[in-house]
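As structure tokens, the structure follows; a few thoughts come after it.
The values are calculated or read from the model by the stated rules, or taken from the named source; none is laboratory data. All of these numbers come straight from a predicted model, not from anything done at the bench. Because the Cβ atoms are built from the backbone with ideal geometry, glycine has one as well, and the counts that use them run over all protein chains shown.
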Ligand SMILES: O=P([O-])(O)O[C@H]1O[C@H](COP(=O)(O)O)[C@@H](O)[C@H](O)[C@H]1O
Ligand SMILES: [Mg+2]
């Protein structure tokens, strides 16, 4: 295969530029032995996706290495200097991944050499704590070196603006424009500003923990139910730094850590993927929860912004709760809890993403709380808060992909607060003689039973990205007329920013930025969404079906019906 001329030029730049001997040797080796890998490493530059820059670690413009981190930081520094006057400050953190500390120190040195004041965490911390720190220390920007829940060969760069939110347009595009102007490592200021770096730690931890304590709605019940039996696993990530402490401060005394996964380790030795969405990543925790006959299991991802939970079902069998169910439970607890406590105000709003359960829209409306829908990515939830404040007040936000954000002081998804509040919610349920699972069923009975499921198909590399684009094009050009026997009645195309009523042909606009997402709404109320992931080489299909549930006695039967419906949709779409 002959290599595209643009790729050849980029490779030549790296071979002839001021790159270290190790990098040059690695490129030459790939050139000789694996030219296809060389293409993958250089065919594009890393871009800001749903959650910052993310890539496999290695040499090349499409990889995470000290050069791409250094250039991204130089570009970010340039843009911060154009955007703000006076002293500029940034906060930096990192997770437990291999090279995360090195990348964070590299970024710290580059910012500092550009005359920017840097607050660098002394060691690993959760991503949400960094979001908090930006506001707390009044910084103009920030970075976390993490690839979140991605496989171990990845790393990444989550970049933040002065409100503690990840970059959205135009800032992300503008930073990339600055990065693209940099053609050689010689244009990066690598060192020379060490005096501008301040190491931070305990004081900020304390402020963050105190902030999280203010979120509690029923602190007295947590104390009363202090012996709620909790099993927690940080899956070798940053959660260990804050989660046990916040649980203690909420008053919980029976917290059992999964010891085999307690030590931060970038090889994530006990799991295939460090992602609580994967059942396998939760299996050691489940084993411990079963042995201890615990009330709840919680697991956080490496940068502690997403949380997965497991509880016992009606028959005492342990089940993994999906992200939609956790979000529904938590939103419901917060909305109803605030109402009961007299904290609810006109102008309160919640926010979720367009691929997250519509059950939340239903109960928010019935409780007079506005529910907004945004594109996938917490950066869009944070963006909405910015656009609505101060007229409307953000209460909580969340998404199917195992994340929530409570209150407006932390502007990114936060598993530390989520763990605390989920345990509080379990404590409140227990004080009423209920389990969390029973609580979920009560929500279904009151507002409607929505069942969701997700299929992700991995397609790696340049070819994979093309295949995913082709699949999306196929659905767009030839949308199905019916799925699983039910006609498609509405077609949402977020790329075209329009909703089409299939029967009448009427078209309505979608007031969101353009995004490659399609949704088919069926006559029976089911909804199927398709979109390429913005963080991993995957295409994602989301399925949502719903019906009414009269009583807990019908739960098993109705669940089986809804599951059969989802399976019917999946097989009709030939996705399995
Ligand atoms: O990876 P994290 O935990 O930072 O999470 C990031 O990616 C998730 C998956 O995105 P996608 O479906 O595009 O892969 C998003 O849902 C989330 O809002 C975003 O913050
Ligand atoms: Mg994460």
**Request:** Determine whether residue 356 is closer than 20 Å to residue 160 by Cα, in contact with a strand residue (DSSP E or B) (Cβ under 6 Å, 6 or more places away or on another chain) and at pLDDT 95 or above.
**Result:** no
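Name the residue that is surrounded by the most Cβ atoms within 10 Å (Cβ to Cβ), counting only residues in the range 84-101 that are away from ligand 1 (no atom under 16 Å from the Cβ) and in contact (Cβ under 8 Å) with a residue 60 or more places away in the chain. Give the steps one after another, and end with the answer.
Going through the range 84-101, the residues away from ligand 1 (no atom under 16 Å from the Cβ) turn out to be 84-92, 98-99, 101.
Subsequent filtering for residues that are in contact (Cβ under 8 Å) with a residue 60 or more places away in the chain retains 84, 91, 98-99.
Numbers: 84: 14, 91: 31, 98: 16, 99: 17.
Only one residue tops the list, namely 91.
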**Asked** Which residues, counting only those in the range 405-432, are farther than 18 Å from residue 244 by Cα and away from ligand 2 (no atom under 16 Å from the Cβ)?
**Response** 406, 407, 408, 409, 428, 429, 430, 431, 432
**Asked** For residue 73, are the conditions met, namely being more than 28 Å from residue 399 (Cβ to Cβ), over 18 Å from the mean Cα position of the chain (by Cα), in contact (Cβ under 8 Å) with a residue 60 or more places away in the chain and crowded, with 24+ Cβ neighbours inside 10 Å?
**Response** yes
**Message:** Here is a check on your reading of the model: is residue 235 within 16 Å of ligand 1 (Cβ to nearest atom), touching a strand residue (DSSP E or B) at 6+ places or on another chain (Cβ under 6 Å) and in a strand (DSSP E or B)?
**Reply:** no
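Quickly run through the range 289-303 and pick out the residues that are within 16 Å of ligand 1 (Cβ to nearest atom) and either in a loop (DSSP other than H, G, I, E, B) or assigned by TED's automatic domain parsing to the domain that holds residue 149 (or both).
To start, the set of residues in the range 289-303 that are within 16 Å of ligand 1 (Cβ to nearest atom) comprises 298-303.
Across the range 289-303, the qualifying residues are 301, 302, 303.
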**All positions within the range 359-406 that are in a helix (DSSP H, G or I), surrounded by fewer than 24 Cβ atoms within 10 Å (Cβ to Cβ) and out of contact with any strand residue (DSSP E or B) (no Cβ under 6 Å at 6 or more places or on another chain)** = 362, 363, 365, 366, 383, 386, 387, 388
**Message:** Testing residue 306 on (1) within 16 Å of ligand 1 (Cβ to nearest atom); (2) surrounded by fewer than 21 Cβ atoms within 10 Å (Cβ to Cβ), one condition comes back false. Which one is that?
**Reply:** (2)
**Message:** Of everything in the range 407-443, what is in contact with a strand residue (DSSP E or B) (Cβ under 6 Å, 6 or more places away or on another chain), touching a residue at least 24 places away in the same chain (Cβ under 8 Å) and farther than 29 Å from residue 548 by Cα? Give them in sequence order.
**Reply:** 413, 414, 415, 417, 419
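Take the residues of the range 471-496 that are over 27 Å from the mean Cα position of the chain (by Cα) and over 16 Å from residue 527 (Cα atoms): which is surrounded by the most Cβ atoms within 10 Å (Cβ to Cβ)? Steps first, answer last, please.
Going through the range 471-496, the residues over 27 Å from the mean Cα position of the chain (by Cα) turn out to be 474, 477-490.
From what's left, over 16 Å from residue 527 (Cα atoms): 474, 477-478.
Values: 474: 10, 477: 7, 478: 8.
Among those residues, the one meeting the criterion is 474.
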**Complete:** Flagged in the range 118-157 as within 16 Å of ligand 1 (Cβ to nearest atom), farther than 28 Å from residue 280 by Cα and in a strand (DSSP E or B), in numbering order, are 142, 143
**Asked** When the residues of the range 249-271 are filtered to those that are more than 22 Å from residue 417 (Cα to Cα) and in contact (Cβ under 8 Å) with a residue 60 or more places away in the chain, which remaining residue is surrounded by the fewest Cβ atoms within 10 Å (Cβ to Cβ)?
**Response** 267
**Complete:** Subset of the range 379-409, residues within 13 Å of ligand 1 (Cβ to nearest atom) and touching a helix residue (DSSP H, G or I) at 6+ places or on another chain (Cβ under 9 Å), comes to 379, 382, 397, 398, 399, 400, 401, 402, 403, 404, 405
